[in-house]
Structures are given as structure tokens and as C-alpha cells.
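See structure below.
The values are calculated or read from the model by the stated rules, or taken from the named source; none is laboratory data. None of the values given here were measured: they were computed from a predicted structure. So basically every Cβ, Gly included, is an ideal-geometry build from the backbone, and we count neighbours across all protein chains shown.
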Amino acid sequence: VETTPRISVTSASIYARISQDSDRAEDSIDNQIAICKDYIHAGSEFAVGEVFTDLGFSGTNFERPGYTDLMSGILRGDVKCIVVKDLSRLGRTYIEVGELLFDTFVQHGVRFISVNDRYDSFADDAGRKKLLILFKNLVNHMYSRDLGKKNKSAHDAKKQRGEPAGLPPYGYLHNKTKMRLEICPA
């Protein structure tokens with residue numbers, strides 16, 4: 001039976017991320033931060049610490065400035081607790097997120113809390129919830145792969161119809177009525 005060391009946490013860092021393909025209000029950075037702050041304020045064991053954000057970054061990309069700063073804080077020992085709205089905000093790749101949750105965070109004594117998933121890595125029931133978290137992590141991974149395939153398919157269909165797909169090259173504009181690229185007037 002594994003036991004996670006209990007440490008006194010005085011501040012809880014917040015991590016929020018939103019990708020460029022999501023513009024829903026409930027997923028906004030501000031809303032994610034508010035959910036995390038409400039969770040922190042509802043308890044009495046932490047205060048709000050540093051807030052790390054990444055706006056316009058996919059969960060499959062771990063080259064994110066806010067995430068990099070968060071990991072630097074963990075490696076320095078400055079970050080001992082992370083609160084996120086839900087597991088998918090941390091990332092959407094099964095292997096990387098699993099390694100973070102069950103290797104990196106454990107090795108560095110970092111408490112991880114996912115508010116909407118009702119997961120606290122230091123809670124007494126964390127061991128029982130591990131399978132559920134692994135499953136949610138897998139679902140997040142599959143969602144991002146499926147979304148990528150749908151985007152590629154839509155892009156390919158546009159190209160086959162002769163419509164411009166993607167951003168126009170430098171010096172060109174999309175003419176949406178004629179469905180073609182045109183030279184940008186100087």
C-alpha cells in the first residue's frame with residue numbers, strides 16, 4: 001500500500017488553459033480561475049498562490065509558457081499544490097498527464113486537485129479514484145485525437161471543393177465570395 005506524504009500547504013497554485021478552438025464562456029480562463037479560487041476559499045487549509053495560464057494552447061502541446069513556468073516552480077520546490085478546473089486543463093495526452101500525476105507530482109510532493117473531477121491526490125480516497133482518473137485521462141486523449149481527425153477531414157474536403165483551407169500565404173487574402181485567394185492590395 002502506497003502512502004503519500006502529508007505536507008502542510010499554505011498556498012495553492014492555479015493552472016488554467018484554453019485552446020484556440022474553444023470560445024465557450026464556461027471554459028474561459030477567467031471562469032477556470034474563478035472556479036479554482038472558489039474551491040480554495042471554501043476550504044481553510046490554503047490560500048491562493050500563483051496563477052499560471054496558457055491562452056491559445058492545445059492540451060496536446062506541452063510547450064506552453066504557463067505550463068513551463070509551473071513546472072519550473074515545481075522543480076524549484078516553490079509549487080507544492082496545483083488546483084485545476086478539470087483534468088483536461090492540465091493536458092490531453094494520456095502518457096504525459098499520467099506521468100505528471102503519478103510520477104512527477106508524487107516525487108516532488110506536489111498535491112494535485114481537479115475541482116470538477118473531485119480528485120485530490122492527498123485525499124484518503126485518492127487510491128480508489130486513481131482508476132477513474134486514468135480513464136478520464138484516456139477519454140481526454142481520445143477526444144483530442146478525434147478532434148484532430150475531424151479538423152483534417154474538414155480541411156481536406158475544403159481543398160477538394162477548391163476552397164481555400166487554412167491561413168492564406170503572406171501577401172494574399174481569402175476572397176470568400178469567389179472562394180479563392182487574391183493578391184493583397186499594397
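Per-structure values
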{"item": "Close pairs (7 angstrom Cβ cut-off, 6 or more residues apart or separate chains): buried (at least 21 other Cβ atoms within 10 Å of the Cβ) in region 86-109, outside any helix (DSSP H, G or I) and at pLDDT below 80 anywhere", "result": "Ser88/Gly59; Gly91/Gly59; Arg92/Gly59; Arg92/Thr60"}
{"item": "Region 24-64: number of residues that are modelled with pLDDT of 85 or more, part of a helix (DSSP H, G or I) and more than 12 Å from the chain's Cα centre (by Cα)", "result": "12"}
{"item": "All positions within region 91-133 that are in a helix (DSSP H, G or I) and at pLDDT 85 or above", "result": "Thr104, Phe105, Val106, Gln107"}
{"item": "Some residue of region 62-75 being of a type in the set (Gly, Ala, Ser), surrounded by 17 or more Cβ atoms within 10 Å (Cβ to Cβ) and farther than 21 Å from Glu45 by Cβ", "result": "yes"}
